[in-house]
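The values are calculated or read from the model by the stated rules, or taken from the named source; none is laboratory data. Quick caveat: nothing in here was measured; it's all calculated off a predicted structure. So basically every Cβ, Gly included, is an ideal-geometry build from the backbone, and we count neighbours across all protein chains shown.
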Amino acid sequence: MAADQEKKVSTEDENKNKRVREEEVKDLKETKKVKTDEEKKEEKKNEKEVEKLEDKKEDKKEKSQDEEDKKEEDKEGKEEQEEKEEKLVSKEKDPKESQNENKNDPDSKEKSASQESKPKFVFGASSSFGSGFKVASSGPLNNEEAKKDLSREAGTPKPSAFGSGLSFGGGFGVLKASDKEDSKEKTPEPSSDAKERSRESSSASSSANGTKLQKQDVKSGEESEETIYQANAKLYQLADIEAGWKERGIGVIKVNKNVNTGKSRLVMRSRGILKVILNLSLVKGFTVQKGFVGSMQGEKFIRMVTQDDNKSPIQTAVKTGSKEIAEDLYDSIVKLIPK
């Protein structure tokens with residue numbers, strides 16, 4: 001009997017040692033993954049810095065090229081201006097020389113005298129259109145139609161206002177008073193039925209525009225629950241070992257107890273959106289652990305094992321602001337777990 005008991009004790013010790021070793025191996029794997037993630041982040045930062053330096057160098061090169069192009073354009077512009085000034089100076093000199101030559105030549109004097117003796121030609125001088133503006137008053141009119149148009153304009157008096165002789169001018173108040181009275185007599189007055197309909201339509205439109213909004217009660221599902229403890233925290237989850245830990249959100253974690261049923265649960269909502277990111281009922285067999293081995297601030301963490309929609313296990317970790325808050329949260333959860 002004693003030998004059997006010793007064998008049982010030895011087997012139990014071996015099993016415990018195996019479990020401890022397995023936990024240590026898991027912790028080592030987690031620490032290695034955390035370190036590799038940090039190394040990857042540092043490599044990404046270094047790559048970004050190198051890219052920024054290269055971009056700065058390229059920007060400097062482009063700026064220097066732009067400055068050189070501007071200088072070349074300024075030089076070209078100055079050269080063009082100098083050429084234009086030289087051309088203008090040469091043009092000013094040429095007419096003076098031509099005038100001096102004309103004075104010396106007798107043939108040029110005769111040509112200028114003949115040109116002055118000839119009458120100047122004016123475009124549209126012989127037409128009725130030109131006579132309306134009195135462009136050809138200095139010379140005689142050749143066409144009989146132009147003379148007739150002038151006689152008609154001299155005989156007929158000009159109207160006092162633009163469009164006074166037309167019906168369109170009545171819109172500007174140029175029509176006679178008799179025409180206005182006739183128009184007033186022709187316009188019928190609106191009937192009493194039409195007035196009542198217009199009033200009803202105006203009242204209906206005002207009632208439609210003045211709609212009143214009513215308050216609606218928004219229920220969060222925590223009305224019948226009492227918050228025993230709450231704290232600001234950050235939620236992490238580990239669904240796949242290869243992917244590693246992922247941050248799910250930041251918000252307030254609450255330990256609530258239902259006043260009617262006496263059941264308890266953990267509820268966490270994301271800050272701002274108030275979306276539920278954690279909802280765990282504290283049932284018999286629920287396990288909670290303190291600390292986080294792979295982190296430098298492990299005393300601020302609380303770990304739990306939960307299930308997803310497919311009922312596969314997920315490790316969750318909650319990081320608080322300090323060690324004291326983590327201990328208070330752990331104690332409040334342990335007290336409400338049914339035994």
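Here are the numbers:
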{"item": "Failed item, numbered, when residue 33 is tested on (1) free of Cβ contacts under 8 Å to residues at least 40 places away in the same chain; (2) over 31 Å from the mean Cα position of the chain (by Cα)", "result": "(1)"}
{"item": "Positions within segment 219-276 being under 18 Å from residue 308 (Cα atoms) and of a type in the set (Ser, Thr, Tyr), in sequence order", "result": "236"}
{"item": "Residues of segment 293-324 satisfying the condition of being in contact (Cβ under 8 Å) with a residue 60 or more places away in the chain and either assigned to a strand (DSSP E or B) or surrounded by 18 or more Cβ atoms within 10 Å (Cβ to Cβ) (or both)", "result": "294, 314, 315, 316, 317, 318, 319, 320"}
{"item": "Test for residue 47: is it closer than 30 Å to residue 241 by Cβ, at pLDDT 70 or above and not assigned by TED's automatic domain parsing to the domain that holds residue 295", "result": "yes"}
{"item": "Some residue of segment 93-107 being surrounded by fewer than 10 Cβ atoms within 10 Å (Cβ to Cβ) and either modelled with pLDDT of 85 or more or not in a helix (DSSP H, G or I) (or both)", "result": "no"}
{"item": "Subset of segment 222-245 (residues that are in contact (Cβ under 8 Å) with a residue 12 or more places away in the chain and among the charged types (D, E, K, R))", "result": "222, 225, 226, 234"}
